[in-house]
Structures are given as C-alpha cells and as structure tokens.
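**Student:** Could you have a look at this structure, given as structure tokens, before my questions?
The values are calculated or read from the model by the stated rules, or taken from the named source; none is laboratory data. Note that the structure is a prediction, hence the values are computed from the model and not measured. Note: ideal-geometry Cβ built from the backbone for every residue, glycine included; neighbour counts use all protein chains shown. To get the accessible areas, we keep the full protein, side chains included, count just its heavy atoms, and leave off ligands, DNA and RNA. Shrake-Rupley method; radii C 1.70, N 1.55, O 1.52, S 1.80 Å.
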Amino acid sequence: MILLVIIFLSYRGGRMFLQRSVYQDLLEWKSSPRRKPLIFQGARQVGKTFLLKHFGAVEYEDCAYFNFERDPSVLNAFEHQLDPKSLINTLSILREKKIEKGKTLIILDEIQKSSDALNSLKYFNEEANEYHIIAAGSLLGIALNHLKSFPVGKVNFLNIYPLTFSEFIEGSGLGELNKFLQGVDAFEPIPDPLHEKLIGLLRIYYVIGGMPEVVAEYLTNKDFNVVRDIQNEILTSYENDFSKYTEPDLTSKIRRTWTAIPSALSKENKKFQYSEIIKGARARAYESSIDWLTHAGLIYKVNCIEKVGLPLEGYSINEIFKLYSFDIGLLGAQLGVSPKLVIHGHELFTELKGALAENYILQEFKAQGISSIYYWRSKNTAEVDFLISIENQLFPIEVKAGVDRNTRSLREYQKQNKSDKLFRFTLRNLKKDQDLHNLPLYMAGNFKKLNF
C-alpha cells in the first residue's frame, strides 16, 4: 500500500496541505543499507525544494539547506575542493552550525550549477557515506547528461512528478474514495456511483493537471480562471528558462520545438514531424532542442516500434516518435482548451482527438516508474498507442478518449505478435472480456498492481 504523507504547500493567498506518495521513497532511501547520496530529479515547480525541506525537518534532527544558484559562497566552497571532511567543515561554517553524521540532512539545491559539487558526491559515497545528502535541481537532468566524469554506481536516483490523479483525489479531501481506488486489484466493475464520481474528478484533473501551485489554488478557491492564469505564468517562466540557461541559437530552437508539440498532439496522426516546428526543418538542426526539453523533464519522447521483441529498447526506431507534455494541465493551457468544458459532460475527453487522454495515461505510467514505453505501428495499417514492458511482459495499450469500443489496431497487433492479452483505456467501467481488458481512464495509476 502506497504511503501518502501530508505536505504543507504554499499557494496564492494562503497555505494548505497536500500529500505526495514519493515521500515513502525518501523514507526508504534514508533507512536503506544501500543508501548513497541521492539525486532528486524533477521539472521546475513540481515541489522538489519544499518536499525536501519538509522531509529534513520531520525526519532528521537538523536540515542543512544550500542553494548553488542563490548563494555564491556555496558555489565557491566546492570549487576544486572534493574532500568530504573539508567540505563538511566549510559548509558547517557557512551555516554557522555543525553538520552531524546521520542527524543532519544536507540538501544541495540547484546543484547543476556546479560540476565540482556533482563530482564530490562520488567521494561522499566512498569516504563519508555516513552523511545523508540529497542533491536536487530543476535542470539537473541536463547537467548530468553533459557531465562526462560523473561516476556510475556512486549515487541513488529518485524522480518527482506533478501530482498524480490519486494525489489529486486525496488532496480533494476524498481519502476514502482514494483508498478504495488504490485497493482495486482485480477486474470487477466499479459501483456505478463511484465510477461516475471518479469520471467527474478526472474531468477536473484534465484541466488543472498536477502542478502543485495550480492544484492548491483550485482546491482552495475552485476558480478555473485563476488556475489557467497560474498555468500560463508557469509556461512563461519555462520559456524564460530557455534563454536564461542556453545559448541564443539553441534558445530559439527550444522555444520553437516547445510551442510545436501541442499542435502536433492535437492531430489525428500524432507522430512528431520536424516540419511542425518550422517549414523545412531538419532533424540535425532540432534534435538538440528535443534533447534539452527531455532532460529538463518538460517533455516525454515515445519512440516507435514496428518489430516487437524484448528488450523493447533494442527494437526502437529513434527517428520516428511522438512528443508529450509532462503535465496535462499545462498542455491544455498551451492548446487553449477552455476550462468551461469541465461542465459539459464528456465533451472535454473527446476534445483534440484524444491528445489529453494519451498525455494523461503517459503521465500516470511515468509516475509509477514505468520507463520502457513505446508505441507500435504496422506501416500504414494499424497503430497501438502504447506498448510497454513490465518485468519482461509486454502490454499493448489503446487509449480511447470516450467510450469507443474499436479494437482494430489491437487485433492487428495480436495477429502479428500472438499476444494473449490486450488492454484498452476508455470511459467505460472495469471489465474483462476474454483477452480484452477494459480499464476506465481513472485507473491508469493502478496499472502495475492490477491482477491480469
């Protein structure tokens, strides 16, 4: 059972409590015999800093927080200095309080600003692992991708994502409903009143997404106009990051790529084409912009597979892919989806040719730690939205925005690959029809624990 912990979250005009399941992972890291310095990754504004400070305050006697972006003295402390004992002494002096082994949580925030600090984690692991260290940063993924000397096997990794649908339900004060949903592990229909309630909540989640500030604002004031204002401000802050952290030529390419993704997703064929960015664009010119956005945690790249085998990575066609947003609420803001659709029944789900539904399913899969995610196609005859691998078992998955019963692509996949289990997410209730497993969209977060 997933442990949800209360997190005190800031929002405009006040403060409120939300809950994040990743807290359990932090607890397990703290007590693990395999504990090493932890790399805590996630996109900007998903709640990394607040969660870590709360974790340090609650689970340790002391919390030593250092920010490499805001405090030049911290940056200077690590410059050409990799000895753990000397670093601990320096950091203790900077904060005017001794850092104690095992009692003080050391948080190194925005650590991507210092390659020396990143390299020092190796020596903390080898020579001073009794100190508990978590390194975080909004653009940490980009730094790690370019850090040639960073040692493999000397750190632990943990990712944080926008709030999942389950966390949104919990934050809405519907703990019993969430407990029920998390307890479903077999293919028995959900009682109709609960089924309709969950669809209604999912309709709201489609609009607000999982950014903590957005969720907190909605849960407090229920004002979709303010929700959309905050989402647009977050999007603007990301675009400002493009110019702040990259060279001018790359900045323009990143911005063009970023703005092209929503329109590509809203088309019937969601395969990303470089011509979506600008007429005549070529892969060679824009691959770096896609890599930057991916490592910044702002988009997900899902490659195509035509020939199926394990591991799926070996059959990936890297030149054919789709790009998705890391947050469905921000995607809706980019697409200009009217929050008014929330009150119009199922209309929101079928808007934009299922782009929101696919994006939502992918988000929920990512938050469960499912990393082997592709899509399958058979030339121009069929296409299955997602093909994932969990413990060497393949799951072909179709996503339908409404109540569509169409299984043509799944059956074509089955015909070519002799699959005995097919999966379809729709607005219909939970049901198993021989080899076809129909799951309501709101159960995407349960996928790994369902008994197939």
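**Student:** Which of these values of Cα extents along the principal axes in Å was calculated from the structure shown: [x] 98, 51, 39; [y] 122, 82, 41; [z] 65, 52, 43?
**Tutor:** [z]
**Student:** Could you tell me the accessible area of Asp249 in Å² (1.4 Å probe, neighbours in place), rounded to the nearest ten?
**Tutor:** Here the accessible area works out near 100 Å².
**Student:** Along the positive direction of the dipole of region 235-382 (beta-carbon charges: Lys, Arg +1; Asp, Glu -1; about the Cα centre), which of Ile305, Ile328, Ser378 reaches farthest?
**Tutor:** Selected residue: Ser378.
**Student:** Now for a different question. Label Lys53 and Gln416 with points 7 Å out from Cα along Cα→Cβ: what is the distance between them in nm?
**Tutor:** The two pseudo-label positions are separated by 5.2 nm.
**Student:** On to the next question. Keeping every protein chain present and rolling a 1.4 Å probe, give me the accessible area per residue for region 240-310 in Å².
**Tutor:** 49 Å²
**Student:** Also, I was wondering about something else. Can you give the local net charge around Asp62? Use residues other than it whose beta-carbon is closer than 10 angstrom to its beta-carbon, Lys and Arg +1, Asp and Glu -1.
**Tutor:** +2
**Student:** Work from the charge dipole of the chain (Cβ charges, +1 for Lys and Arg, -1 for Asp and Glu, about the Cα centre) and give the residue of Phe272, Gln368, Ser73 farthest towards its positive end.
**Tutor:** Checked the options; the winner is Phe272.
**Student:** Let me cross-check Ser166: its accessible surface, 1.4 Å probe, with only protein heavy atoms counted, in Å² to the nearest 10?
**Tutor:** Here the accessible area works out near 20 Å².
**Student:** Shifting gears a bit: Please get the size of the charge dipole for the chain, origin at its Cα centre, with Cβ charges of +1 on Lys and Arg and -1 on Asp and Glu, quoted in debye to the nearest 20.
**Tutor:** Roughly 800 debye, rounded to the nearest 20.
**Student:** Still on this structure, please answer the following. Considering only the other residues whose Cβ falls under 11 Å of the Cβ of Phe272, what net charge follows from Lys and Arg at +1 and Asp and Glu at -1?
**Tutor:** +3
**Student:** Given the whole protein assembly as supplied and a 1.4 Å probe, what does the accessible area of Lys301 come to in Å², nearest 10?
**Tutor:** 80 Å²
**Student:** Given 0.36 nm per residue, what is the gain on full extension from Thr220 to Arg34 after removing their alpha carbon distance, in nm?
**Tutor:** Gain on stretching Thr220 to Arg34: 62.9 nm.
**Student:** Say R0 is 35 Å: what FRET efficiency, to the nearest 0.05, do Asp291 and Ser73 get from their beta-carbon distance?
**Tutor:** With R0 = 35 Å, the Cβ-Cβ based efficiency is 0.60.
**Student:** May I ask you to compute the full-extension gain from Lys85 to Glu176, defined as 0.36 nm times their residue separation minus their alpha-carbon distance, rounded to one decimal in nm?
**Tutor:** 27.9 nm
**Student:** What percent do you get for the relative contact order of region 312-452 when only Cα pairs under 8 Å and 6+ apart count?
**Tutor:** So the answer I get is 17 percent.
**Student:** Would you mind telling me the antiparallel percentage of the DSSP bridges in the chain, rounded to 5?
**Tutor:** 50 percent
**Student:** What relative contact order, as a whole-number percentage, does the chain give when Cα pairs under 8 Å and 6 or more residues apart are counted?
**Tutor:** 14 percent
**Student:** While we're here: Placing +1 on the Cβ of each Lys and Arg and -1 on the Cβ of each Asp and Glu in region 164-259, which of Tyr205, Ile230, Leu174 has its Cα farthest towards the positive end of the resulting dipole?
**Tutor:** Positive-most Cα among the choices belongs to Ile230.
**Student:** Using a 1.4 angstrom probe with every protein chain in place, what is the largest-first accessible-area order of Cys304, Cys63?
**Tutor:** So the residues, ranked largest to smallest area, are Cys63, Cys304.
**Student:** Sticking with this one: Helix 283-295 sits at what angle to the longest principal axis of the chain, using alpha carbons and giving 0 to 90 degrees rounded to 10?
**Tutor:** 70 degrees
**Student:** Quantify, in whole percent, the carbon and sulfur part of the accessible surface of the chain (1.4 Å probe; protein heavy atoms only).
**Tutor:** Exposed carbon and sulfur together represent 48 percent of the surface.
**Student:** Separate question: What does the accessible area per residue of region 315-452 come to in Å², with a 1.4 Å probe and no ligands, DNA or RNA counted?
**Tutor:** Accessible surface, normalised per residue, equals 40 Å².
**Student:** If you place +1 on the Cβ of every Lys and Arg, -1 on the Cβ of every Asp and Glu, and leave all else neutral, what size is the dipole of region 187-259 about its Cα centre, to the nearest 20 Debye?
**Tutor:** 180 debye
**Student:** Provide the FRET efficiency to the nearest 0.05 for the Lys267-Glu239 pair, computing r from the beta carbons and using R0 = 25 Å.
**Tutor:** That gives a FRET efficiency of 0.60.
**Student:** Provide Glu167, Glu176, Glu383 ordered by accessible surface of protein heavy atoms (probe 1.4 Å), highest first.
**Tutor:** Output order, biggest surface exposure first: Glu176, Glu383, Glu167.
**Student:** Expected output is a single nm value to one decimal: the length gained when fully extending between Asp192 and Asp62, i.e. 0.36 nm times separation in residues minus the C-alpha distance. What is it?
**Tutor:** Computed gain between Asp192 and Asp62 is 41.9 nm.
**Student:** Which distance in Å, rounded to a whole number, links the C-alpha centroids of region 192-243 and region 53-98?
**Tutor:** Between the Cα centre of region 192-243 and that of region 53-98, the gap is 35 Å.
**Student:** So, one more: Between Arg405 and Glu306, what FRET efficiency comes out of the Förster formula 1/(1 + (r/R0)^6) with R0 = 25 Å and r the beta carbon distance, rounded to 0.05?
**Tutor:** 0.45
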